[in-house]
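A short worksheet on the structure shown next.
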Amino acid sequence: MSTADKPITIYHNPRCGKSRAALALLQQRGGALEVVEYLKQPLAKEELRALVRKLKIKPEELVRKGEQIYKERYEGKTLTDEQWLDALARDPILMERPVVAHGDRAAIGRPPEKVLEILVNREW
């Protein structure tokens, strides 16, 4: 199966307005779409590692620093990339949302239209 035949994956939190907006944008475009509610189906550490690689960011950049759990457990601490991956796997609410991935590319949907960047050169 070529990359073009694989579904777009959105790591989605239905309670988040930006996540709902990004999902709506993708649904309007049509095509195969896989919706992963990452709070119900948390990503394993290796999945998170692959995702940050696709995003071309450090794991800490995937962390939502406004979350209460961040303030209680992580604020002011210096963690390694591995420790951030462990934290994201343990506390999935920390993950920025939405994240959309396809093939070897991914984007954080802030603003929601940013997810369309990974659709360049993809036929829908």
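No value in this document is a laboratory result; all are computed from the given coordinates. Bear in mind that the values here come from a model prediction, so they are computed numbers and not experimental data. Glycine gets a Cβ as well: all are built from the backbone with ideal geometry, and neighbour counts include every protein chain shown.
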* Cβ-based net charge around Glu75, under 11 Å, with every Lys or Arg adding one and every Asp or Glu removing one -> +2
* Reported label for calculated mean projected area of the Cα convex hull in nm² given (1) 7.4; (2) 9.3; (3) 7.8 -> (1)
* Starting from the amide H of Val99, placed 1.01 Å from N in the peptide plane, find each other amide H under 5 Å away whose residue is 5 or more places distant or on another chain. => Tyr11, Gly109
* Asked: Between Ile93 and Ile57, what FRET efficiency comes out of the Förster formula 1/(1 + (r/R0)^6) with R0 = 22 Å and r the beta carbon distance, rounded to 0.05?
  -> 0.75
* Asked: Using alpha-carbon pairs under 8 Å, 6+ residues apart, how would you state the relative contact order of the chain in percent?
  -> 35
* To do: Taking amide H positions as placed in the peptide plane 1.01 Å from N, state which residues far from Cys16 in sequence (5 or more) or on other chains have amide H under 5 Å from it.
  => none
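FRET efficiency for Asp86 and Arg15, Cβ-Cβ distance as r, R0 = 25 Å, nearest 0.05?
Computed FRET efficiency for Asp86 and Arg15: 0.55.
Starting from the Cα-Cα distance between Leu79 and Ala32, subtract it from 0.36 nm times their residue separation and give me the gain in nm to one decimal.
Additional length available on full extension: 13.2 nm.
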